[in-house]
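Read-outs throughout are calculated quantities, based only on the coordinates presented, and are distinct from any laboratory measurement. What you see is a predicted model, and the numbers here were worked out from it, not measured in a lab. Counting neighbours? That spans all protein chains shown, and the Cβs are built from the backbone with ideal geometry, glycine included.
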Amino acid sequence: MYVESLRGRDIKVYLFGKQIQNPVDHAIIRPSINALKATYDLAIEDPDLATAWSPLINERVNRFLHIVESPEDLVIKNRMQRRLGQITGTCFQRCAGLDTISVLHSITYDIDQKHGTVYHQRYLNFLKQAQQHNLIIGAGMTDPKGDRSKRPSEQSDPDLFLHVIKRTKKGIYIKGAKAHMTGGLNSHWICVMPTMNLSEKDKDYAVVGMIPAHAVGITHIYGRQSCDLRALEEGDIDKGNAKFGGQETLVIFDNVFIPWDHVFMDGETEFAQDMVSRFTSYHRASYVCKTGLGDVIIGAAATIADYNGAEKASHIKDKLVEMTHLNETIYSSGIASSYEAKKLPSGIYKNDEMLANICKHNVTRFPYEISRLAQDLAGGLMVTLPSEQDFKHEITGPLLEKYLQGKASVPVEHRARILRLIENMTLGRNAVGYLTESLHGAGSPQAQRIQITRAMRVEEKKDFAKRIAGIQID
Ligand SMILES: Cc1cc2nc3c(=O)[nH]c(=O)nc-3n(C[C@H](O)[C@H](O)[C@H](O)COP(=O)(O)OP(=O)(O)OC[C@H]3O[C@@H](n4cnc5c(N)ncnc54)[C@H](O)[C@@H]3O)c2cc1C
Ligand code: SF4
């Protein structure tokens, strides 16, 4: 049903210099749709994990649309994210939308309390509809940003940050772009929101609104990924992960209309900073998704060691222990952040900010080290393996079968498949999801260090030390 819901939309998409008429069945795009579909399938296979009771519509809903009612809700969300990482081995694209609806709950409430606006009710009306129809929401936070030393209103081109260009009785018109949007094309709706703190001069940039992904004036330009053309080749071995992939699009908004019912912030610049930091509290803990991918790559590394006949070597076992230690360290900080969640005035719970930032900061590093160890165990064949076509060729095929054998009991094809999977996750298409998304998604490493600096309460810690050392504290 989800896949069908993406068909027949008049959505404007460009890929490799061509407008794509039927993105759903495009060989490069389809794996990303399959990964998102896994979030629907899991809700049927394991409803305790992937659905929750919504008091808003008095029905069970997909957990990706559920309002967080307790720390336990966030913990189950993390377990679900790890499970989906294990199933897909890639980014399944739905968490940024969930974290968007979570942050909007408290932000719309807080703006209404201060300004007497009606954003919260509008938001609840939208959410009811999203829950009823099990919709996907893409998160449009990151602007192209132009010159990083300049604020939105100081840029040479005002459109480098998305902004309101016109207000009418019926709604607003926006112009600009949102970059790196995960699952942009696979979403039903896109939520645009500010990416940084804003001053009074940036009033038109303080806008939050919900827009159909195929609205008039929207153009998606598909982000290409390393080795993406393998999706067009015959066979499935060289693809590494033939079924699942991630997706990012650059989304252009040219004079796009948003009716007032779908506007959740317009000009309240003082809430932009809070919106970003609350969003990142949720989203940086969501990066436990990468521990599911870590489970896949640890499994792949252990399997190739088996196939090579090296599994009993002590250094191999130790490297698998090291990979597991790193992976579980990520998980522990994410899940701790969920257990430590606190209730906000709107009634929703929010992840502990410090621990969420620690989780994401671990994610900016540990998957790289885990990948290095997986490549170590894989051996050089991971990058010198001939193509699937050479395995099928009448002359080269038998030669490859003879000389690329590992353990005699293991088919050479199995060895090739595992090597291609490690290649896919550490150098190929899903290295986007496992590595670079881990580095930059939800903010580059420095963004976490800034938040950690703000939350680390160093003065209090100095006092602990001074008291024990016998130094008088005024
Ligand atoms: C795979 C992937 C998926 C993503 N998904 C989403 C999504 O779904 N929705 C969304 O909204 N965003 C998404 N993002 C965007 C992500 O949040 C940004 O990539 C991140 O915030 C960094 O921004 P940038 O890419 O523009 O890098 P840049 O801002 O260009 O940063 C590059 C480097 O410059 C440094 N830098 C930047 N500005 C300054 C400054 N003023 N002073 C000093 N140093 C600076 C940074 O610390 C970094 O080291 C995604 C990113 C990736 C890679
Ligand atoms: S990177 Fe992880 S948290 Fe973000 S959308 Fe992808 S799977 Fe979800």
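Specify, per residue and in Å³, the volume enclosed by the convex hull of the alpha carbon atoms belonging to the range 2-269. If you can, show how the numbers build up before the last one.
Details: hull volume 38.4 nm³, N = 268.
So the per-residue hull volume is 143 Å³.
Scaled to the compact-protein estimate 2.2 N^0.38 Å, what is the alpha-carbon radius of gyration of the range 297-418, rounded to two decimal places? Show your work: numbers first, answer last.
Working: Rg = 20.7 Å, N = 122, 2.2 N^0.38 = 13.7 Å.
Against the compact-globule rule of thumb, the ratio is 1.52.
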Problem - Hydrodynamic radius by Kirkwood, which averages 1/r over all alpha carbon pairs of the chain, in angstrom - result: 23.6 Å
Practice task
Please give every one of the aspartates and glutamates within straight-line cross-link reach of residue 150, meaning a C-alpha to C-alpha distance under 19 Å, and leave out same-chain neighbours fewer than 8 residues apart.
Solution key: 159, 200, 202, 204, 270
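Out of the range 150-195, which chymotrypsin sites (Phe, Trp or Tyr not before Pro) are coil in DSSP terms and have no more than 11 other C-beta atoms within 10 Å?
On the way: sites: 161, 173, 189; in loops: 161.
Filter output for the range 150-195: empty list.
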Exercise for the section: Collect residues whose amide H, placed 1.01 Å from N in the peptide plane, falls under 5 Å from the amide H of residue 172; neighbours closer than 5 in sequence don't count. Expected result: 258, 260
Fill in the blank from the handout: Measuring from the longest principal axis of the C-alpha atoms of the chain, the long axis of helix 366-378 (C-alpha) lies at a number of degrees, nearest 10, equal to 10 degrees
Exercise for the section: Report, to the nearest 10°, how far helix 445-455 tilts away from the longest principal axis of the Cα atoms in the chain, using its own Cα long axis and a range of 0 to 90°. Expected result: 50 degrees
Practice task
Apply the Karplus parameterisation 6.51 cos²θ - 1.76 cosθ + 1.60, with θ equal to phi minus 60°, to every residue of the range 13-20 and state each ³J(HN,Hα) to the nearest whole Hz, in sequence, with x for glycine and proline.
Solution key: 10, 10, 8, 6, x, 10, 7, 9
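I need the peptides 419-431, 203-215, 230-242 ranked by packing, meaning the mean over residues of other C-beta atoms within 10 angstrom, with the highest value on top. Can you show the working numbers first?
Numbers: 419-431: 25.0, 203-215: 22.2, 230-242: 17.3.
Put in order of decreasing packing, that is 419-431, 203-215, 230-242.
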Exercise for the section: Apply the Debye scattering formula to the range 238-306, with a single equal point scatterer on each alpha-carbon and no solvent, then give log10 I(q)/I(0) at q = 0.19, 0.24, 0.28 Å⁻¹. Expected result: -1.04, -1.20, -1.22
Fill in the blank from the handout: Among chymotrypsin sites (Phe, Trp or Tyr not before Pro) in the range 376-464, those in a DSSP loop whose Cβ has at most 13 other Cβ atoms within 10 Å are none
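I need the peptides 218-228, 353-363 ranked by packing, meaning the mean over residues of other C-beta atoms within 10 angstrom, with the highest value on top.
Working: 218-228: 18.5, 353-363: 25.7.
Final packing ranking: 353-363, 218-228.
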Handout entry: Contour minus Cα-Cα distance for residue 404 and residue 69 (0.36 nm per residue)
Key = 115.2 nm
